[in-house]
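Student: Quick one: structure below, then a few questions.
The values are calculated or read from the model by the stated rules, or taken from the named source; none is laboratory data. This is a predicted model, so every value here is computed, not measured. Glycine also receives a Cβ, built like all others from the backbone with ideal geometry; neighbour counts cover every protein chain displayed.
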Amino acid sequence: MNEELKEIVGALKNYMKMEEESGLQEVALKGLITPVKDDAQAVASEPVYEDRAQYFEKLIQDVKTCRDCDLCTTRRNTVFGEGNINAKLMFVGEAPGLEEDIQGKPFVGRSGKLLTKMIEAIGIKREDVYIANCLKCRPPKNRTPLPSEIVACRNYLLQQIDTIKPKVICCLGRPAAQTLLMTDTPIGRLRGKFYDYRGIKLMPTFHPAYLLRNPAEKRHSWEDLKKVRDELKG
């Protein structure tokens, strides 16, 4: 089993555990395994892109036409991501909400306004970071993403990260942190520490939506963001 497949299966197992309480009985694995090409085939068939912006445009179009899970039947718009593709800092959230689904942009509702303030508080402009979500389509009624949806969408997020190559990733909330770190550890225990993610420093912290419901926790997120700021300066 190759390393990529091991990661996907690991993520699937973690999310299956989290969804057992909600009655999830089975997960569709459509598209999980793809034919393996030899090196000669891969070189011959892989398109060449002049720059990262061109490659991102290709990814955006792939997401817009994606039908790898049932969310394609309920979405208004796909929400690929937004920001500076040369950013040193990347934020990863869970999934689009209602406003994001309407506008096709990440973090534009109440959570987005708070996230903007959080970014500005560490001396950075929102347009200088990159913001994305694990899922590119809104789950109905903003429910927690299903394991099959995480698996179906995960490769898009990995391609975004591999293209941007940020110095630091800040995961906003439990699903984002657990998806990238392949763990079921609660966000309260994950936050506040840096982890290595394929050579990139990763800091989990609370999601802005959680902070709106629990204002007292903002001080913890502020401590996390100060560590991110110091790491970027260092």
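Student: Kindly indicate whether Asp230 is part of a strand (DSSP E or B) and surrounded by fewer than 22 Cβ atoms within 10 Å (Cβ to Cβ).
Tutor: no
Student: Quick one: count up the residues across the range 184-224 that are part of a helix (DSSP H, G or I) and either over 16 Å from Lys113 (Cα atoms) or basic (Lys, Arg) (or both).
Tutor: From the range 184-224, those part of a helix (DSSP H, G or I) are 187-190, 208-213, 215-224; that's our starting set.
Imposing the further condition that a residue be either over 16 Å from Lys113 (Cα atoms) or basic (Lys, Arg) (or both) reduces the set to 187-190, 213, 216-220, 223-224.
Residues flagged as part of a helix (DSSP H, G or I) and either over 16 Å from Lys113 (Cα atoms) or basic (Lys, Arg) (or both) within the range 184-224 amount to 12.
Student: Okay, moving on. Select from the range 143-174 the residues that are in a loop (DSSP other than H, G, I, E, B) and more than 27 Å from Lys218 (Cβ to Cβ) and list them in ascending order. Walk me through how you get there before you give the answer.
Tutor: Here is the first cut: in the range 143-174, the residues in a loop (DSSP other than H, G, I, E, B) are 143-146, 165-167, 173.
Within the range 143-174, Leu146, Lys165 meet the criteria.
Student: Here's a follow-up. Yes or no: Tyr197 touching a residue at least 24 places away in the same chain (Cβ under 8 Å), surrounded by fewer than 21 Cβ atoms within 10 Å (Cβ to Cβ) and within 30 Å of Thr73 (Cα to Cα)? It would help to see each step written out before you state the result.
Tutor: Values: touching a residue at least 24 places away in the same chain (Cβ under 8 Å): yes; surrounded by fewer than 21 Cβ atoms within 10 Å (Cβ to Cβ): yes; within 30 Å of Thr73 (Cα to Cα): no.
The answer is no for Tyr197.
Student: Which condition breaks for Ala152 when tested against (1) among the hydrophobic types (A, V, I, L, M, F, W, C); (2) under 24 Å from Lys201 (Cβ atoms); (3) surrounded by 21 or more Cβ atoms within 10 Å (Cβ to Cβ)?
Tutor: (2)
Student: Hey, any hits in the range 208-218 for a residue that's closer than 24 Å to Arg143 by Cβ, touching a helix residue (DSSP H, G or I) at 6+ places or on another chain (Cβ under 6 Å) and of a type in the set (Ser, Thr, Tyr)?
Tutor: Taking every residue of the range 208-218 in turn, none turns out to be closer than 24 Å to Arg143 by Cβ, touching a helix residue (DSSP H, G or I) at 6+ places or on another chain (Cβ under 6 Å) and of a type in the set (Ser, Thr, Tyr).
Student: Report, by residue number, each residue of the range 90-114 that is touching a Leu at 6+ places or on another chain (Cβ under 7 Å) and farther than 23 Å from Ile150 by Cβ.
Tutor: Hits for the range 90-114 are Arg110, Leu114.
Student: Which residue out of Gly188, Gly109, Gly173 is surrounded by 15 or more Cβ atoms within 10 Å (Cβ to Cβ), of a type outside the set (Phe, Trp, Tyr) and modelled with pLDDT of 95 or more?
Tutor: Details: Gly188 fails: surrounded by 15 or more Cβ atoms within 10 Å (Cβ to Cβ); Gly109 fails: modelled with pLDDT of 95 or more.
Matching residue, one of Gly188, Gly109, Gly173: Gly173.
Student: Among what's in the range 103-142 and is β-branched (Val, Ile, Thr) and outside any helix (DSSP H, G or I), pick the residue that is farthest from Phe80 (Cα to Cα).
Tutor: Checked the range 103-142; the qualifying residue farthest from Phe80 (Cα to Cα) is Ile122.
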